[in-house]
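Here it is, the structure, as C-alpha cells.
All of the numbers you see were taken from the coordinates with simple rules; none came from a lab. Just so we're clear, the structure is a prediction, and the values are computed from it rather than from any experiment. Positions of Cβ are backbone-derived with ideal geometry, glycine not excepted, and every protein chain shown enters the neighbour counts.
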Amino acid sequence: SPEYSKAHHALQFAVETSMGNTDALIKTWQTNPHHLPTVLQLASTFQTLGDVSKTAEFMDIALHLVGNLFSSSRGFSMFDPPTKRQIPFDHDPNTPIFTALSRGVHHVLGKSFAKTSHEICKVLLGLNEADPCGAAHLWDYTAVRAREYMSVVELHHAVVGAAMKIVGSQPLTPIVMPMLGMPSLYFSAALCRHVLHVSSTRSAASSSTGGSTAIKGNRTPLSKCNTDILLRTVGAESPLNNTQHAFPTKSRMPLCGAMTARDAAILAVTLFPQSAVDLAVAIGEPVTEEPWSSLQFEVEDLKRTSDVFATRCESSLHRIFAQRHGELWKPVDHIGLLRDAVREVVKSGL
C-alpha cells in the first residue's frame, strides 16, 4: 500500500542518517507506530546497544503487531488449517512477519513463557511449508520446555514409523536410517518417554495411597501440515537407496510402538554419538572417564575412517543442540538414562 511504502522509505532514511542515534528511529516509529519493520529495527538497535529492557519492549510490540495483523486480515484465520494460511516468505512485506515470530520464540522463552513460545513456534512452522526460519529445529525443545511430552513422543513415533515403511516390515536398525540432521528430536523423545514413564509410575503409586503426584504432560495434536513439514525436515522421507550411511551397527531396535525411554536413548546415541559427547560436556559429565572416554574413542575412530561421519559431526546443529538441551539433562535420573544408553552402545559397538 502507499502508506506501507511511505513508512518503509522513512525507515530507510532514518537508518541511513541516524549514525547510531536512536532519536531518528524513535521519531519514525512514532509517526508510523504500526510499521513492523521499524519496530524490529528498533529492537535490533537496542539489542546492539545492550539495552535489554528496550529490546524486550519493542519485541513485545512486534509480536502484538503480528497478532493484530493476523486477527484483522480478511481471509486469514489462525483457526484455519495450516494449509489454508500459508504465506510466501519471499514476498518482501511478509518477511518481517517471519522475522518477528522467529525472534519472538526466543524472546518469549527468555521470559519463561514456555507454552507461549511453543505456540509461536508452531504458528511459524505452519505459515510456510518450506520452514524458511528453521522453526522445526526449535520445535522439540520448546515442546519439552512446555511439557508437551506426548507431542514429542508422537512425532518421534511418526519419524521412526516413516523410516520403517521405507525399509518394509523389518525391525528398525540405524544402518538403514537416512542421514538425519536433527539429533535434538531423538534425544528429546528419549527424555519425554522417561518423564512420562516416571509420571505414570508415580501416579500408580499415588493412586494406591489416595494421593496424586503425576506429572501432567500436555498434548496439543499436531496438524497434518505441521507433521509433514517436521518429517521432511528431519529427513524421515528421504530415499534410502544408494545412501552412504555414517556407520554400521550391530544393535537392533524394537518396533517404535514398543520403544522404551532406554531404547530411544540408545537409538539417539547410536545415530548421534558426537551429540551424546557434546551433551555430556554441556551437562558437566567427566568425559575423560568411562563410559564417555570409550564413546569418544569410537567417535574419533569413525571420523578417521568415514568422511561422511566426520562431516556430519562438524554440523553446527550438534553443538547448538548440546548447548541448548544441556539444562534439560542435568537432573540425576536424566543423566543416568543417558549414561546407561552410552554404556550399552559402547558394549555393542557403533
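Through the Karplus equation 6.51 cos²θ - 1.76 cosθ + 1.60, θ set to phi - 60°, convert the phi angles of the range 53-70 into ³J(HN,Hα) values in whole Hz; use x for Gly and Pro.
Each residue's phi maps through the Karplus curve to give 5, 5, 4, 4, 4, 6, 5, 4, 5, 4, 5, 5, 5, 5, x, 5, 4, 5 Hz.
Net charge within 14 Å of Phe46 by Cβ-Cβ distance, Lys/Arg positive one each and Asp/Glu negative one each, not counting Phe46 itself?
-2
Subtracting the Cα-Cα distance from 0.36 nm times the residue separation, let me have the gained length for Thr201 to Arg324 in nm, one decimal.
41.4 nm
Report the net charge of residues surrounding Leu191, where surrounding means a beta-carbon distance below 15 angstrom and charges are Lys +1, Arg +1, Asp -1, Glu -1.
Around Leu191, the surrounding residues sum to 0.
Suppose R0 equals 41 Å. What FRET efficiency, 1/(1 + (r/R0)^6) with r the Cβ-Cβ distance, do Ser71 and Leu317 give to the nearest 0.05?
The computed FRET efficiency comes out at 0.75.
Still on this structure: For each pair in Lys6/Lys111; Lys111/Lys330; Lys122/Lys303; Lys122/Lys330; Lys6/Lys54; Lys303/Lys347, compute the distance between the two Cα atoms and list the pairs where it is over 31 Å.
Flagged as over cut-off: Lys6/Lys111; Lys122/Lys303.
Under 13 Å Cα to Cα from Lys115, which aspartates and glutamates show up? Leave out anything in the same chain fewer than 8 places away.
Asp140, Glu148
Determine the sum of side-chain charges near Arg324: Lys and Arg each +1, Asp and Glu each -1, restricted to other residues whose C-beta is under 15 angstrom from that of Arg324.
Every neighbour counted, the sum reads 0.
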